[in-house]
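K.L.:
Got a structure here, written out as structure tokens. Questions coming.
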Amino acid sequence: MKETPFIGREVEMERLRGLRDKRCASLIVVRGRRRIGKSRLLAEFGKGMKSLFFSGNPPERGTTAQSQRELFTDQLRRAGIPGIKPDNWGDLFWHLSKHTQKGPILIVFDEISWMGGKDPFFLGQLKTAWDMYFSKNSQLIMALCGSISSWIEKNILKYTGFVGRIAIDFVLEELPLHACGAFWRPKEKRVSAYEKFKLLSITGGVPFYLEQIEPSLPAEENIRNLCFTKGGLFVREFDEIFSDLFSRSKSIHKKIITCLENGSKELVQICKELGKSQGGLYSQYLDELVKAGFVTRDFVWDLKSGEQRKLSRYRLSDNYLRFYLKYIASNRVKIEKGTVPVSMVNNLPGWEGIMGLQFENLVLHNFKALWKVLHLSGEEVVMDGPFFQTATVRQPGCQIDYMIQTRFHNLYVCEIKFSKDPVGMKIIEEMEKKIKCLKAPKRFSIRPVLIHVNGVEDAVLDERYFDKVIDFGQLLE
């Protein structure tokens, strides 16, 4: 069977290759959202060297520390290391080290929280094995990999036993747009940016999701096959995400996600809608969703000082989850019965509004590409992100899709518009209203920016109101 082409991750791959030039063994962490391509990145990097991959059992009922060790023993046997009893992790690691003493070797412990989460001695024995055995091979690279970033952060990155031992902590994000466009090869030139964004509004930049796209089919047919057909990947993916990552408190995490499906909210708003008192527990659940890559916490900043403030909002930044909640969940019964009308994909309720939120996520994920178009360097940017100004007696409320503050006292106020028709003159009135409400220091220059995907009317361009009009579809090329 032909292997799916490996797309993107040039920066991460270059950093991994740099480890081969070191004169000592390397212990690294690779974490990120489910389906983001952690294992694929390491498998691609491991080509040309001896690579050993191990993974734990999902946290299902009946999974124990012993069953995890037994699975690891089976995986050792398949790797050519038989005859080992699954009594304790220390012995298992020692046996593995005896077969990895020389030469360039990659060892991957995938879903490490599953492997070691049931055994209180797992991490201590792994640390000891690293110090005493694995690190003696100067050409060995060991990757601790997983989707539950909160567990990795607490038990590995902040665990005193591993302090000073982690060479690189990779947090894999969604692929940038230019890499996403490559998934339509060899037909990318014939498919419009608007059609590509219809699918990206569901997949985001998640590699495994993008691999499911059939470039020869229209967006609507791809959506029908993946989202509204019995057995489709996106029909069952939601349940698998929450059973895998949040087995004990998945219902609470689902409620929080559902609360955010129509827009960003402050913690107090979330707790109020869920009928819960504001406290540390829900802050913890939200933090877990942030670290899992599904939610983003956007902070407000003070324009005068350029310093971040405590006020923040949580945004559902994962496009698949929002699409599932809005359209797949409410039709699950019909999907399972195979009675979803063929025409439904063309008549999804509230589609324009949801596409606006999804397109906004794509823009925010690709902020560095946006900086490049605006000829801004990282050294110039003081703060950036969605910006909201709460209403008080002295100032009106204001919400800006994306704003950049530079050290030269420029405020790039960005309006993000996804529309099936070219953007019309009304956009100028909307932008002017926001700028008038924005309480900016007098010494600041305001630079309006329009980001679109399906064209702008000539009348808007003729007004020369916007300092920059950006066709975001160009970033797919």
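The values are calculated or read from the model by the stated rules, or taken from the named source; none is laboratory data. Computed from a predicted model, the values in this text were never measured in an experiment. A quick note on method: Cβ atoms are made from the backbone with ideal geometry, for glycine too, and the neighbour counts reach across all protein chains shown.
K.L.:
Where in region 94-171 are there helices (runs of 4 or more DSSP H), lying wholly inside it, with at least 1 residues that are touching a residue at least 60 places away in the same chain (Cβ under 8 Å) and closer than 17 Å to residue 71 by Cβ?
P.N.:
So the answer is 112-116.
K.L.:
Could I ask something else about it? Could you go through region 235-244 and let me know if any residue there is aromatic (Phe, Trp, Tyr) and closer than 30 Å to residue 118 by Cβ.
P.N.:
Looking for residues that are aromatic (Phe, Trp, Tyr) and closer than 30 Å to residue 118 by Cβ, one finds at least one in region 235-244, hence yes.
K.L.:
Quick check on region 233-260: of everything there that is at pLDDT below 95 and outside any helix (DSSP H, G or I), which residue is nearest to residue 288 (Cα to Cα)?
P.N.:
Checking each candidate, the answer is 246.
K.L.:
If you don't mind, another one. Could we say that residue 315 is of a type in the set (D, E, K, R) and not in a helix (DSSP H, G or I) here?
P.N.:
Taking the combined requirement at face value, the residue satisfies it.
K.L.:
Of the numbered conditions (1) crowded, with 20+ Cβ neighbours inside 10 Å; (2) closer than 30 Å to residue 174 by Cβ, residue 69 satisfies every one except a single condition; which is it?
P.N.:
Only one criterion in (1) crowded, with 20+ Cβ neighbours inside 10 Å; (2) closer than 30 Å to residue 174 by Cβ is unmet by residue 69, namely (2).
K.L.:
Which residue out of 390, 406, 339 is out of contact with any Asp or Glu (no Cβ under 6 Å at 6 or more places or on another chain), outside the structural domain of residue 321 (by TED's automatic domain parsing) and over 20 Å from residue 417 (Cβ atoms)?
P.N.:
Just one listed residue meets the conditions, 390.
K.L.:
Within region 10-33, count every residue that is in a loop (DSSP other than H, G, I, E, B) and closer than 27 Å to residue 135 by Cα.
P.N.:
6
K.L.:
Let me ask something else. If only one of 214, 220 is acidic (Asp, Glu), in contact (Cβ under 8 Å) with a residue 40 or more places away in the chain and either surrounded by 15 or more Cβ atoms within 10 Å (Cβ to Cβ) or assigned to a loop (DSSP other than H, G, I, E, B) (or both), which one is it?
P.N.:
220
K.L.:
With respect to residue 448, determine if the residue is in contact with a Cys (Cβ under 7 Å, 6 or more places away or on another chain), of a type outside the set (S, T, N, Q) and either farther than 19 Å from residue 475 by Cα or assigned to a loop (DSSP other than H, G, I, E, B) (or both).
P.N.:
No.
K.L.:
Same structure, new question: Give the residue that is nearest to the chain's Cα centre (by Cα), with candidates limited to residues of region 146-176 that are of a type in the set (A, V, I, L, M) and over 24 Å from residue 241 (Cα atoms).
P.N.:
Taking the candidates together, the pick is 168.
K.L.:
Among the listed residues 306, 275, 263, identify the single one that is closer than 30 Å to residue 344 by Cα, out of contact with any Phe, Trp or Tyr (no Cβ under 9 Å at 6 or more places or on another chain) and of a type outside the set (Lys, Arg).
P.N.:
Answer to the check: 263.
K.L.:
Moving on. Kindly check whether there is at least one residue in region 53-74 that is closer than 19 Å to residue 95 by Cβ, small (Gly, Ala, Ser), within 26 Å of the chain's Cα centre (by Cα) and assigned to a loop (DSSP other than H, G, I, E, B).
P.N.:
yes
K.L.:
I'm trying to understand the selection: among the residues of region 389-426, which are surrounded by fewer than 17 Cβ atoms within 10 Å (Cβ to Cβ), touching a strand residue (DSSP E or B) at 6+ places or on another chain (Cβ under 8 Å) and not in a loop (DSSP other than H, G, I, E, B)?
P.N.:
399
K.L.:
Continuing with this model, one more query. All but one of (1) charged (D, E, K, R); (2) within 28 Å of residue 324 (Cβ to Cβ); (3) surrounded by 13 or more Cβ atoms within 10 Å (Cβ to Cβ) hold for residue 384; state the number of the condition that does not hold.
P.N.:
For residue 384, the failing item is (2).
K.L.:
Right, next: Out of curiosity, is residue 86 modelled with pLDDT under 95, surrounded by 17 or more Cβ atoms within 10 Å (Cβ to Cβ) and more than 23 Å from residue 154 (Cα to Cα)?
P.N.:
Against the criterion (modelled with pLDDT under 95, surrounded by 17 or more Cβ atoms within 10 Å (Cβ to Cβ) and more than 23 Å from residue 154 (Cα to Cα)), residue 86 qualifies.
K.L.:
Report whether or not residue 342 is in contact (Cβ under 8 Å) with a residue 12 or more places away in the chain and loosely packed, with under 12 Cβ neighbours inside 10 Å.
P.N.:
Taking the combined requirement at face value, the residue satisfies it.
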